[in-house]
Amino acid sequence: MARLQAIGELMQVAVTQKERTAQSTQDAARAAVVLDETMVRSALERHLRRELGSEVEIDGFERKSSGFSWITYSFVARATAGASRKLILRVGPPNGLFAPYSVLPQVRALQSLSGTRVPVPGLVSFDQEGPELGCPFFVCEHVEGDVPVPWTGSKLSEEHRRDIAGQFIAILGELHRLDWRGTQLASLRGGSEERDEVRAIAGWCASLARPTARYYPLLDWGGRWLLENCPLPPRLTIVHGDYRIGNFLEREKRITAILDWELVHLGDPHEDLAWALMPTFNGRSKKLYGVMERDEVIDRYQRASGVQIAAKSLAYYEAFALYQAAAIQMRAVRAFEVDKFNDMRMAVMASQMASIVRAFDRALEAAA
């Protein structure tokens, strides 16, 4: 009853959100930002000449369709000496899903994990201010491999998927075993006394508080509950933040690189495990990659990481995973409708909100 009353009060307060239209109107009036590929290529050549200290020509410059947030290009950089390198450019557009962007989390992750048992692309260069492009970007090595897309129905054999799922869990265990102290990722803590994992949750709460045409009282109430009931972590670890099937490359039955470190932070290892187990990322199956039962995943993870999984904490982070998914969907709606980001996938994501909110309601009941 108290919960229903709280949600009811929030619905009344929602009227104030409708009054916060001035800023939304200003945002909507901004011209759509479309990166011209000729301009991007020229700016990239200038950047690489400066960074590498020699003339550079770019061949095979091509935008990739993968990814919902950063814009990705592949290309070959040819130096005057004749050597060539296949590289990747990732750009954070001013009107993208997670704007305003910072390259620093991904850069720090690639720097810190280079040479470890967590495979990542090699960092080549980066620019947080982005004077050439007008927005942040970084360049990394191209890694051979394909991105699995389980939600379209995998054509891979069950044996193949089990092998990859086992590697996926083992790499997560390695990530959570790493001592982040003394690495570039230690800078993510800043000088705040607030717990790192609570700060990450607060960030999503703030994201959902941004005015849009939609308002979900349950998410408002649920975000407050998550902040007030965040469990203490068994230990503070590097948390990828988006560790799932689809965020790695695999070639010849081997994971060659873990991708998309933009949400990396220091926090509770239960968070990554809960996110990886979401049916949304496993072809709507309750099994990891559609082949590995939950209990086996947890057992393998505990042995790989040395972290003892607490059922209560995992239930909490499974609720948080759905809350984060809702926040990402709403950011996609805003990016498309308000900031005019020209990616139709952002518009489609709005249709998933009803099912996510219902699942979040059930997950809250299980976690409480």
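The values are calculated or read from the model by the stated rules, or taken from the named source; none is laboratory data. No experiment lies behind these values; they were computed from the predicted model shown. All Cβ positions, glycine included, derive from the backbone under ideal geometry; neighbour counts span all protein chains shown. These accessible areas exclude ligands, DNA and RNA; they are computed on the full protein's heavy atoms, side chains included. Shrake-Rupley method; radii C 1.70, N 1.55, O 1.52, S 1.80 Å.
Summary of computed values
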| read-out | value |
| --- | --- |
| More than 28 angstrom apart: percent of Cα pairs within segment 235-368 | 20 percent |
| Sites residue 79 and residue 129 - FRET efficiency at Förster radius 30 Å, r taken between beta-carbons, to 0.05 | 0.75 |
| Euclidean distance of C-alpha centroids, segment 101-120 and segment 125-183, integer Å | 10 Å |
| Shape call, segment 173-283: gyration tensor on alpha carbons, a/c limit 1.5 | oblate |
| Amide H contacts of residue 64 (H built 1.01 Å from N, under 5 Å, at least 5 apart or other chain) | 72, 73, 74 |
| Residues whose placed amide H lies under 5 Å from that of residue 134, excluding near-sequence neighbours | none |
| For segment 56-61, 3J(HN,Hα) per residue [Karplus equation, 6.51 cos²θ - 1.76 cosθ + 1.60, θ = phi - 60°, Hz, x = Gly/Pro] | 9, 10, 10, 10, x, 5 |
| Amide H partners (placed H, <5 Å) of residue 126, local residues excluded | 139 |
| Pairs from 253/312; 155/312; 64/253; 64/286 whose Cα-Cα separation, in the structure shown, is over 28 Å | 253/312; 155/312; 64/286 |
| Accessible area in square angstrom per residue, segment 88-134, 1.4 angstrom probe | 37 Å² |
| Length-normalised contact order for segment 155-293 - Cα pairs under 8 Å, 6+ apart - percent | 29 percent |
| Extension gain, residue 116 back to residue 311 (0.36 nm per residue minus Cα-Cα distance, nm) | 67.2 nm |
